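Okay, structure first, notes after.
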Amino acid sequence: MKKFIIAAITVITLATSAIAADTNDKAMNLFKAAYPGAEKVHYKAVGELVSITFQLEGTSMQAFYNAEGEQVAVSRVIDYKKLPLRAVTTLENKFNGYTATEVIEMDHSTEGTSYYVSLVNDSQKVIAQVSMNGEVSVFKKSAK
């Protein structure tokens, strides 16, 4: 009986690994077709998604694929000055005394485009979410 249980666990583990490998293969094939010039490509499973980080024409990017191998989102690092003007004004007023350290543009297949701005001061780190029309909300806040 003990051998049967061990054999069953082994089969389940191998089947799960094969499904994950198949998903990764689908995602990688679609990724290669979408970003043929990508360099420094690394991928990993993140929950139910496959996350692929890469460089494209000198820009740091990340693409996310679901279990069916479909791209669900892509992000890239952008310059703070490329944010909508309304967002820059709101960020500077709302987070006076903070310094922007990183800006990520996220294009989601169902939610559209939004921006995530990392801001720090002496005691806190804030990630602000910025909509396309420049509305700003706090996505995450933590002690530094």
| Local electrostatic count at ARG76 - Lys and Arg +1, Asp and Glu -1, tallied over other residues with Cβ under 12 Å | -4
| query | Across every pair of different alpha-carbon atoms, what Kirkwood hydrodynamic radius in Å does segment 78-144 reach? | reply | 11.9 Å
| Greater than 29 Å apart at Cα, pairs in LYS26/LYS140; LYS44/LYS140; LYS32/LYS94 | LYS26/LYS140; LYS32/LYS94
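FYI, it's all coordinate maths here, none of it is from the lab. Quick caveat, the model's predicted, so the values are computed rather than measured. Cβ atoms come from the backbone with ideal geometry, glycine included; neighbour counts cover every protein chain shown.
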